[in-house]
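A short write-up of the structure that comes next.
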Amino acid sequence: MNKLLMVTVLFAALLMAPSQADARDDHLYNELGGTAGIEQIVEDLLFNSIDDRRIRHHFEGVDMVRLHEKLSEQICELAGGPCVYTGDDMVKSHTGMGVTRGDFNALVEALQLAMDDNEVSVPAQNRLLARLASMYDEIVGL
């Protein structure tokens, strides 16, 4: 998929982001491979992120084991799985980080690559991205 099309799909997903209450309305958790699949996607996401020169600085000095645990919980819960997210809210987690729109987009690209590598279908990817997109304003520019 070319970059322009990928960005267009992402922005469409941002506009159609369902509420968190909608998260349990489908089988996204299973389509992501359950807990084990989500944990693998998050691991790949983190490796992709620290390999990306645009965003690696945001991960310097971060407890990657804890970050992996919290991201896995969060995605599992958003996907309708049995997990409960126990981390800080997005505002608290990202205040002072100076995350830009470009940083956010780079992280989305890293997540898409991780999902591609784990053979997650494009419709399932789009549903997860839509759920995560609702956090944009709580992450960017704080």
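Each reported figure results from applying straightforward, stated rules to the coordinates on display, with no laboratory input. All of these numbers come straight from a predicted model, not from anything done at the bench. Positions of Cβ are generated from backbone atoms using ideal geometry, with glycine treated the same way; all protein chains shown enter the neighbour counts.
Charging the Cβ of each Asp and Glu at -1 and of each Lys and Arg at +1, and nothing else, the dipole of segment 25-139 about its Cα centre rounds to 320 debye.
The mean sequence separation of alpha-carbon pairs under 8 Å and at least six residues apart, normalised by the residue count of segment 47-113, gives a relative contact order of 39 percent. Structural descriptor for segment 25-139: relative contact order 38 percent, calculated from alpha carbon pairs under 8 angstrom and at least 6 residues apart. Between His57 and Asn30, the FRET efficiency from the beta-carbon distance, with R0 = 41 Å, is close to 0.70.
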